[in-house]
Amino acid sequence: MAPPASTSPPAGTPAPKPIVGLTGGIASGKSTVAARLRKLGIPVVDADALAREVVAPGTPGLAAVVEAFGAGVLTPEGALDRKALGALVFADEAARKRHEGIPHPRIAAAGRAKLAALATHPAPYRVYEAALLVENGLQRAFPALVVVAAEEATQLARLRARDGLDEAAARARLAAQLPLADKIAVATDVLHNDGDRASLEAAVDALDATLRTRFGASP
């Protein structure tokens with residue numbers, strides 16, 4: 001799920017804007033951060049949205065998932081049943097690795113295309129939001145890496161409420177990701193999200209001002 005590599009533009013062409021990585025733990029608030037950045041005029045490419053697109057009904061991606069895991073991962077309407085697939089892959093590391101090999105190359109290609117299309121956007125930077133940037137060793141690809149963090153108890157409560165999981169299932173999903181401390185260790189910027197939405201949005205506003213200054217634009 002890497003962004004396109006930075007290259008020198010042809011003479012007379014404006015340099016493409018920097019790409020900021022946005023990641024964090026599951027149920028940490030990445031989507032809320034991304035939504036606030038969009039309101040502030042920053043374009044965000046969402047890897048989760050791309051993940052849905054590449055396994056939409058009728059796509060080669062969905063056909064490959066069914067071939068790997070069987071028709072039991074489909075809804076009666078023929079769409080991907082994410083809860084059924086999650087029950088398989090989060091309980092079995094080998095299955096999770098097998099699954100990741102299907103959408104990830106497709107997500108990477110779609111992400112590169114969308115980011116390239118935003119290269120001349122008037123915003124001073126672009127954002128690529130993805131849960132597994134650090135797990136995939138991509139943190140060095142970004143001039144800035146923002147990690148959204150929350151305490152484990154907060155993550156568990158949000159995850160259970162959001163996805164209707166019992167505690168064991170929620171903990172399995174947390175365990176499937178790199179420890180949050182490891183992501184924080186390689187971050188250039190950290191947003192702590194254990195409070196309310198207003199507090200997080202205020203922190204995002206401050207971060208945006210910082211990034212605009214860092215990349216040579218006025219806040």
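The values are calculated or read from the model by the stated rules, or taken from the named source; none is laboratory data. Note that this is a predicted model, so its numbers are computed, not measured. These area figures cover heavy atoms from the full protein model, side chains too; ligands, DNA and RNA do not enter into them. Shrake-Rupley method; radii C 1.70, N 1.55, O 1.52, S 1.80 Å.
Which percent of the accessible heavy-atom area of the chain goes to carbon and sulfur, probe 1.4 angstrom?
Ligands and nucleic acids excluded, carbon and sulfur reach 56 percent.
Among F142, F69, F90, which one shows the highest mean-square fluctuation when the chain is modelled as a Gaussian network with alpha-carbon springs under 10 Å? Result: F69 has the largest fluctuation of those listed. Dividing the alpha-carbon radius of gyration of the chain by the rule-of-thumb value 2.2 N^0.38 Å gives 1.06. DSSP finds beta bridges in the chain, and of those with both partners inside it, around 5 percent are antiparallel.
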